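Undergrad: Let me give you the structure first, and then I'll get to my questions.
The values are calculated or read from the model by the stated rules, or taken from the named source; none is laboratory data. Keep in mind that this is a model prediction, so the values were computed, not measured. For neighbour counting, all protein chains shown are included, and Cβ atoms are generated from backbone atoms with ideal geometry for every residue, glycine included.
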């Protein structure tokens, strides 16, 4: 059978409670199903957007809100939906930048997905985003999506999930906690280089060169 012609015929549904400590598990479950469907090129972007949509529910509707994540494929698009029971708290796209402290969630979804929206369905709402299969939007090409996903995982690991909970409690990402987690991760890597007898300064120079080169590509 030609795998390139295979399409999932039924949506995948995952009921869950929207809580900070459940976001990581939800993301990994979504990744496993998208990879099973053969949508490897979309897993990073879909995982990030699903995480932001769920975090939006936690922040604006409340922790432990009964919610449902749905992934489906229709034609050339992958669609990710998050259902929650509050039809009043509508997500909005603000003028926040990706490096600002607030309002970044839907800005990131808008930049990574091809399109997104909100549907009201009586006693609940559906926040959704879509990704075009086999191609990427100009916005998505300018964002280091795989690196953002890996960085989020590392920060969560090094902070024990504290910065995610802080974002829920305060409605923003705690800069101090995020910086502490990032610095600890970098410090551990430097120790790892030293143990293996590698040149730390050379590693930092190479990392900086990679970063600057990728930034230049995204600006073209």
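Undergrad: For the subset of segment 18-71 comprising residues that are surrounded by fewer than 18 Cβ atoms within 10 Å (Cβ to Cβ), within 21 Å of residue 85 (Cα to Cα) and in contact (Cβ under 8 Å) with a residue 60 or more places away in the chain, which member is farthest from the chain's Cα centre (by Cα)?
TA: Among them, the one singled out is 63.
Undergrad: Could you give me the residue pairs with C-beta distances under 7 Å whose first residue belongs to segment 205-219 and is under 14 Å from residue 190 (Cβ atoms), whose second residue is in a helix (DSSP H, G or I) and modelled with pLDDT under 75 wherever it lies, and which are 6+ apart or on separate chains?
TA: No pair meets every condition.
Undergrad: If you take the residues in segment 111-135 that are within 16 Å of residue 40 (Cα to Cα) and outside any helix (DSSP H, G or I), which one is modelled with the lowest pLDDT?
TA: Of everything passing the filter in segment 111-135, 135 is modelled with the lowest pLDDT.
Residue-wise test of (1) modelled with pLDDT under 80; (2) buried (at least 16 other Cβ atoms within 10 Å of the Cβ); (3) under 14 Å from the mean Cα position of the chain (by Cα).
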{"position": "137", "(1), (2), (3)": "yes, yes, no"}
{"position": "148", "(1), (2), (3)": "yes, yes, yes"}
{"position": "169", "(1), (2), (3)": "yes, no, no"}
{"position": "177", "(1), (2), (3)": "yes, yes, no"}
{"position": "183", "(1), (2), (3)": "no, no, no"}
{"position": "187", "(1), (2), (3)": "no, no, no"}
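Undergrad: Scan (1) closer than 21 Å to residue 111 by Cβ; (2) touching a strand residue (DSSP E or B) at 6+ places or on another chain (Cβ under 9 Å); (3) at pLDDT 90 or above for the single condition residue 51 breaks and write down its number.
TA: Of the numbered conditions (1) closer than 21 Å to residue 111 by Cβ; (2) touching a strand residue (DSSP E or B) at 6+ places or on another chain (Cβ under 9 Å); (3) at pLDDT 90 or above, the odd one out for residue 51 is (2).
Undergrad: What number of residues in segment 1-37 are modelled with pLDDT of 85 or more and in a loop (DSSP other than H, G, I, E, B)?
TA: 3
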